[in-house]
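K.L.:
My questions all concern the structure below.
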Amino acid sequence: MPGLPSFYHACLGDRHIWLWQQFQVYGNKFRAAPNVLLFNTPEAWNSLFDIKANVRKPGFYDAWLRNNNDLNTLNCTDVALHAKKRRLLNLAFTERSLRVWEPFVTKHTDRWNQLLPGEKREPGENKLKVISHFIAEHMKSPSSPLLELILCLKSRGLSNLMELAMPKNIKEYSKIVQESAHLLIIAGSDTTTNMICAAFFYLTHFPRAYAKLVNEIRETFSSPGEMVYGQALLTDWKYLRACMDEAIRLAPAGPSELERTVLRGGATIAGDVLPEGVNVGVVHWAFNRNEEFYGGDAHIFRPERWIVSDNPADGNPEEEVNRVKRGLHTFGKDVGNCIGEKVARLSLSMTIARTLWRFDVRAAPGERLGERRPELGWGRRDRNTYMLRDAYIALREGPILQFKERGE
Ligand code: HEM
């Protein structure tokens, strides 16, 4: 039986805020549904996603199978089969393949930059724009009270019958992905867009960080052509990398938890001995704002928290940076973590760096889309927080920005 409050907030799209509120009231452990225990501590991350943890993905991942042939690493709940599929998929995500992705990413970033000055925009409807809404419809099924019925019909080979009853949006989405790679569309497209939008939102709302980043980019490179991904990202692009980590911390592409089910024999999660069948998770949105872990400014966009500084004025020793880095799991952790993290970071760093080299960017005056507002209540008052809607993946609107070519 799903927890009704949890389902209610999933329908409203604010489940991540509701979960954050519950942690403020009940402490770092909370029962979100009769069978779901959620944590808000680094210890829970470590024990739950440890390679030896006696857990696996819960049955609701099966609800994402479009049909019986649609098994992939993301929706596969069998541990051994997942490992086999993952070994195969790893072949497409080596360092070498990343070098093949790079020209593709830079070509599209440059094209987007070319289109930014209004008149050159392409006319017509763009089907890709609506994909995120279709994905959200598709991903929402696990939070449905009808989950058990859906799984029962699927397990009896009645996927075809279910396809007939599918909402129009999900049918349309299935049609789009029929000839493409379904897994990579779900896992890689909207997640990356979310990260790019969040980074622009925070940079345009925190002028000090914006100025520092623009300075780094324009002083390091004499043209966008010099920007090459690789080791440089860690050395020359220190502040860019820190801005990226800060944006994915504050706007995780999956705001709620990645649940896992305890298997026969039980499991000890963050010191709690749990019996078989309990679903357990750590909520990204709440943990990434946990003041016990990040300190009193956990809600603020402060990229410096990711950079070692021995300066006594703003001292941030290496151990502190390593500690927070060990707690950032927006890309998942260990078993089943994100295979596309480097591709996503490549896309984000190229988009931000090339765009800020060419354009001055600011939030359009008077436009507040994407901001939270005082009247929205607890956990939603701060205008400098990017508003996400939780549809298992994050949906968002805005920000509305103005781009002015440098030297114009
Ligand atoms: C900001 C961008 C991204 C974020 C935050 C993100 C996050 C995640 C997370 C949290 C998971 C674990 C899901 C789970 O356990 O249910 C995951 C899995 C996955 N991601 Fe990403 N992702 C991003 C971009 C990408 C990109 C660009 C690709 C591919 C091009 C990709 C491919 C995958 C795949 C294939 C999996 C399944 C891996 C497995 O189960 O073994 N992701 N991602």
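Rule-based calculations on the coordinates, nothing more; no lab input. Since this is a predicted model, take the numbers as computed values, not measurements. Glycine also receives a Cβ, built like all others from the backbone with ideal geometry; neighbour counts cover every protein chain displayed.
K.L.:
Using Stokes-Einstein with the Kirkwood hydrodynamic radius over Cα pairs, what translational diffusion coefficient do you get for the range 189-250 at 37 °C and a viscosity of 0.692 mPa s, in µm²/s rounded to a whole number?
P.N.:
Taking Rh from Cα pairs, D becomes 266 µm²/s.
K.L.:
Return a single number: how many Lys pairs in the range 1-93, at a sequence separation of 8 or more or on separate chains, have alpha-carbon atoms below 20 angstrom apart.
P.N.:
Eligible lysine pairs with Cα atoms under 20 Å apart amount to 4.
K.L.:
Now for a separate question. Enumerate the amide H contacts of residue 309 below 5 Å, restricted to partners 5 or more residues apart or on another chain; note that Pro and chain-start residues carry no placed amide H.
P.N.:
Sorted by chain and number, the residues that satisfy this are 316.
K.L.:
How would you rank 358-365, 91-98, 107-114, highest first, on the average number of other Cβ atoms within 10 Å across their residues?
P.N.:
358-365, 107-114, 91-98
K.L.:
Next up: Can you tell me how much longer the chain between residue 373 and residue 238 gets when fully stretched, taken as 0.36 nm per residue apart minus their C-alpha distance, in nm with one decimal?
P.N.:
45.4 nm
K.L.:
To the nearest Å, what is the center-to-center distance of the range 73-112 and the range 225-254, using C-alpha atoms only?
P.N.:
Cα centres, the range 73-112 to the range 225-254: 19 Å.
K.L.:
What order do you get for 284-293, 308-317 when each peptide is scored by the mean count of other beta carbon atoms within 10 Å, highest first?
P.N.:
Packing proxy ranking, top to bottom: 284-293, 308-317.
K.L.:
In addition: In what sequence, highest mean first, do 4-13, 17-26 appear when ranked by Cβ atoms within 10 angstrom?
P.N.:
Those peptides, ordered most packed to least, come out 17-26, 4-13.
K.L.:
Karplus couplings for the range 19-33 from phi (6.51 cos²θ - 1.76 cosθ + 1.60, θ = phi - 60°), rounded to Hz, Gly and Pro as x?
P.N.:
5, 4, 4, 5, 5, 5, 7, 9, x, 7, 9, 7, 8, 7, 7
K.L.:
Shifting gears a bit: So between residue 26 and residue 314, what do we pick up on full extension, going 0.36 nm a residue minus the alpha carbon distance?
P.N.:
This chain segment gains 100.3 nm when fully extended.
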